[in-house]
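Novice: I have a structure here, written as structure tokens, and I will follow up with some questions on it.
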Amino acid sequence: MVFTWKEIVEREGNASMAYLAVKECKYFRVSHGVYVDDGEFVSELEQLFARYPRATLTMESAFDYYELSDYVPDKYHLVTPYNAHIISNPKVYQTYMDESSMQVGRTKIKTNYGFIYIFDKERTLIELFRLKSKLPHAYFLEIVASFRTLKTMEALSLRKVSEYCQRLKNGAKILKEIQEMI
């Protein structure tokens with residue numbers, strides 16, 4: 001399981017006991033401020049979400065996670081609230097969004113060692129159309145085709161998409177575009 005230093009201090013009772021637990025190899029440091037309770041490998045993504053729990057996986061990273069594209073992004077695309085700290089990791093592309101919009105479709109997924117946060121498939125579809133001008137057209141069409149396949153497989157709820165669009169800025173316009181293409 002992945003822990004932050006603060007979580008280890010809470011588990012052990014105080015900072016000196018936490019320091020002793022790390023020194024006695026009860027916890028292993030895997031990166032700055034991130035520890036595990038066994039020596040197992042922890043992915044970069046799990047480490048990122050341990051350090052930045054308010055972040056959410058989006059865009060190309062979400063497309064890759066849901067296997068909507070063959071493209072594997074070279075950076076993790078994370079969205080954080082406007083008042084969040086800057087993520088100073090060269091492997092992260094950070095964007096900002098208001099807190100209420102971020103909660104629409106945000107899902108917590110359990111991994112082997114912790115949790116990651118990602119927009120569900122319906123919200124990922126909305127993000128695709130909301131930010132389509134930032135994507136190459138051929139890539140956009142590839143993702144749309146993947147979503148059409150999900151729709152025919154009943155793995156995509158258009159009712160949810162409609163509900164989410166009602167809660168987002170410019171949602172009516174985005175919903176109209178989605179209905180035309182999907």
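The values are calculated or read from the model by the stated rules, or taken from the named source; none is laboratory data. Since the structure is predicted, the reported quantities are computational estimates derived from the model, not experimental observations. Here Cβ is always computed from backbone atoms with ideal geometry, including for glycine, and neighbour counts include all displayed protein chains.
Novice: Residues being modelled with pLDDT of 90 or more and among the acidic types (D, E): count how many of those fall in region 165-182.
Specialist: Counting residues in region 165-182 that are modelled with pLDDT of 90 or more and among the acidic types (D, E) gives 1.
Novice: From Y76, Y35, which residue is more than 19 Å from C165 (Cβ to Cβ), at pLDDT 90 or above and touching a helix residue (DSSP H, G or I) at 6+ places or on another chain (Cβ under 7 Å)?
Specialist: Y76
Novice: Quick one: M102 ticks every box in (1) surrounded by fewer than 17 Cβ atoms within 10 Å (Cβ to Cβ); (2) within 30 Å of G33 (Cα to Cα); (3) of a type outside the set (F, W, Y) bar one, so which box is it?
Specialist: Result: M102 fails condition (1) only.
Novice: Could you tell me which numbered condition T107 fails, if it satisfies all but one of (1) over 30 Å from I182 (Cα atoms); (2) surrounded by fewer than 18 Cβ atoms within 10 Å (Cβ to Cβ); (3) out of contact with any Pro (no Cβ under 9 Å at 6 or more places or on another chain)?
Specialist: T107 satisfies every listed condition except (1).
Novice: Scan region 120-134 and give yes if some residue there is farther than 16 Å from K176 by Cβ, more than 19 Å from the chain's Cα centre (by Cα), assigned by TED's automatic domain parsing to the domain that holds Y65 and not polar (S, T, N, Q), otherwise no.
Specialist: Checked region 120-134: no residue is farther than 16 Å from K176 by Cβ, more than 19 Å from the chain's Cα centre (by Cα), assigned by TED's automatic domain parsing to the domain that holds Y65 and not polar (S, T, N, Q).
Novice: With the condition being among the charged types (D, E, K, R), surrounded by 13 or more Cβ atoms within 10 Å (Cβ to Cβ) and out of contact with any Asp or Glu (no Cβ under 8 Å at 6 or more places or on another chain), I'd like the helices (runs of 4 or more DSSP H) fully within region 1-88 carrying at least 1 qualifying residues.
Specialist: 5-12, 44-51, 59-65
Novice: Taking only region 142-172 into account, find how many residues are polar (S, T, N, Q), closer than 21 Å to D64 by Cα and surrounded by 14 or more Cβ atoms within 10 Å (Cβ to Cβ).
Specialist: Qualifying residue count, region 142-172: 2.
Novice: Quick test for you: out of Y139, Y117, pick the one residue that is at pLDDT 90 or above, within 20 Å of D70 (Cα to Cα) and surrounded by 14 or more Cβ atoms within 10 Å (Cβ to Cβ).
Specialist: From the options Y139, Y117, the qualifying one is Y139.
Novice: Do any helices (runs of 4 or more DSSP H) lying entirely in region 96-182 carry at least 3 residues that are closer than 20 Å to L57 by Cβ and touching a residue at least 60 places away in the same chain (Cβ under 8 Å), and which ones are they?
Specialist: Per the criteria, 121-130, 137-152.
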